[in-house]
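As structure tokens, the structure follows; a few thoughts come after it.
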Amino acid sequence: MPNRRATLLKPADVLAPGALVREQVALMVVVAVTLFVRIAFISTLRNEYYFADTVEYRANALEMLAGRVLDPSTPRAPVFPAFLAIGYALFGLDNFLALRLMQLVLSVALVLAGVSLGRRVGGPAIGILTGLGIALSPTLVFSNGLLYPTTLYTLLLLCVTLGAWSLAEKPSLLKGLGLGVALALGILTDQVMAAPGAAVFGWLAWQARRGGRAVLFATLLAVATTGVITELYVRSQSSPETGEAPFVGKAQWTLWYARTDVTMRDDRRIQFPLGTEFHPLPAKQFLAREWNYVKTRPLDYAHDFAFEFLHFYWPEVDRLQTTNRFTTRNVRLVGAVHFWPVLVFAMVGLAAGLAKRRDRALLILVSAATAAFYSLFFTQTRYRIPIEPQMTLLAALGFERLWPGLSRWIASGSSGASGASLPHRD
């Protein structure tokens with residue numbers, strides 16, 4: 001009996017006649033769906049922004065256009081303002097339709113990257129399923145209409161994941177350089193990228209045990225490249241209160257808010273008294289205070305962390321700080337209805353997906369590292385959006401594990417063909 005896992009994962013050059021054509025047609029359909037759904041959504045939006053944070057990114061973009069150095073106290077990383085500045089230079093000031101169409105290009109690239117990673121991890125059908133899942137994700141569609149770094153950050157995080165997989169599979173210094181550049185751009189889009197980046201480097205260090213010096217040297221080059229690119233920016237940042245990077249103060253404010261806000265603090269055991277004013281601490285003092293909580297109230301601290309970690313994956317949007325037509329109950333339910341099956345199938349894919357254990361580990365590490373970082377502060381749905389492609393890939397593996405018909409259809413020249421076996425991938 002042929003090895004079903006090998007049949008599903010065989011490369012394009014040994015696919016049965018007609019299978020590559022099937023895959024290419026399916027890919028064109030996925031891209032068409034991506035474009036149609038997002039253009040339809042963009043057409044419903046007015047030439048304005050809907051969330052207050054856009055004001056800060058817009059202001060930084062205008063500073064860039066004027067040739068001025070950004071305020072070193074701003075917590076907003078520079079890559080997305082640069083993206084807006086390019087849009088303003090090409091299409092005029094506050095042409096939000098043009099900016100959303102620029103983000104549409106990023107969305108197509110995101111889908112193609114998802115297809116590419118899915119194909120490498122699980123075969124042609126997994127690539128198509130992953131791309132289709134990304135194309136139809138309500139939260140990813142919604143992000144395309146936002147004037148916010150989410151789509152760009154999500155693409156860069158997926159590129160880091162894909163780059164790490166490719167480096168582990170066939171290491172080279174060029175791949176190490178590319179991975180370092182992608183991760184640096186991600187950190188310069190949102191500093192949170194450092195958390196999944198650290199997880200990726202840890203995963204690569206583990207792979208170096210098998211891949212030898214080539215993987216190790218390429219990984220070290222990626223680390224060095226990330227450090228060199230981000231170092232100048234980090235050194236240029238300075239908060240007026242502490243003299244340190246403003247991102248540290250922003251993180252502290254988030255935790256202060258979670259422990260003092262009347263709608264948030266009831267879920268937490270470690271709270272600050274109502275009315276406590278916010279005063280940012282130097283990083284060492286902040287870490288010392290939190291470590292003291294860990295030592296003196298370990299169960300309470302663990303409760304708060306675990307609660308936020310599980311909440312990170314909660315399908316329904318909550319903890320909203322903005323009210324508009326996109327935050328109504330019915331709209332939020334659309335996202336929940338989509339993410340529930342993604343979550344369930346992802347758990348099946350993680351446990352029993354027909355892909356290498358190391359590949360499944362990479363996907364969940366990127367997701368869990370992001371969740372763990374936010375869980376130190378507080379979590380909400382928009383923080384989860386960037387790891388949806390990785391979750392969607394795991395869900396595709398779970399779906400294929402339970403219903404392998406699509407895999408057989410794409411990987412075979414006819415619906416009844418089973419294909420030739422290849423060595424087991426584990």
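Only the coordinates and a few stated rules stand behind these numbers; no lab work does. Computed from a predicted model, the values in this text were never measured in an experiment. Glycine also receives a Cβ, built like all others from the backbone with ideal geometry; neighbour counts cover every protein chain displayed.
Percent relative contact order of region 14-411, based on C-alpha pairs within less than 8 angstrom and at least six residues apart?
20 percent
Taking the highest mean first, how do the peptides 354-367, 260-273 order by number of other beta carbon atoms within 10 angstrom per residue? Walk me through the numbers before you get to the answer.
Values: 354-367: 21.2, 260-273: 13.6.
Averaged packing, sorted descending, gives the order 354-367, 260-273.
How big is the shadow of the Cα convex hull of region 51-169, averaged over all directions, in nm²?
Taking a quarter of the hull surface, the average projection is 8.5 nm².
For a test of understanding, tell me how many lysine pairs in the chain have Cα atoms under 29 Å apart, given they are 8 or more places apart or on different chains. Mind dumping the intermediate values first?
Values: 10/170; 10/175; 10/356; 170/356; 175/356; 250/284; 250/295; 284/295.
Going through the chain pair by pair, I get 8.
Sticking with the crude label model, points 7 Å out along Cα→Cβ, report the distance from residue 101 to residue 289 in nm, one decimal please.
The modelled label-to-label distance comes out at 4.9 nm.
Calculate how large, on average over all directions, the projected area of the Cα convex hull of the chain is; give the answer in nm² to one decimal. If you can, show how the numbers build up before the last one.
Numbers: hull surface 88.6 nm².
Average of the hull's projected areas for the chain equals 22.2 nm².
Roughly speaking, what is the stretch gain from residue 403 to residue 68, that is 0.36 nm per residue apart minus the C-alpha to C-alpha distance, in nm to one decimal?
115.0 nm
Show the residues, 5+ positions off or on another chain, whose built amide H is closer than 5 Å to the amide H of residue 319.
For residue 319, whose amide H was placed from the backbone, there are no distant partners under 5 Å.
Run the helix sum for the chain: -39,500 (n - 2.57) per DSSP H stretch of 4+ residues, divided by residue count, reported at 222 nm to the nearest 500 deg cm²/dmol. List each step's numbers first, then the result.
Numbers: 19 runs with 293 residues, N = 426.
After summing the helix terms and dividing by the residues of the chain, the value is -22500 deg cm²/dmol.
Starting from the Cα gyration tensor of region 253-297, multiply each eigenvalue by 5, take the square root, and state the resulting semi-axes largest first in whole Å.
18, 14, 8
With a 10 Å Cβ neighbour count serving as the proxy for reagent exposure, in which order, fewest first, do 51, 96 appear? Working shown, then result.
Details: 51 15, 96 21.
Fewest-to-most ranking of 51, 96: 51, 96.
By how many degrees, 0 to 90 and rounded to 10, does the Cα axis of helix 329-352 deviate from the longest principal axis of the chain?
Once rounded, one gets 60 degrees.
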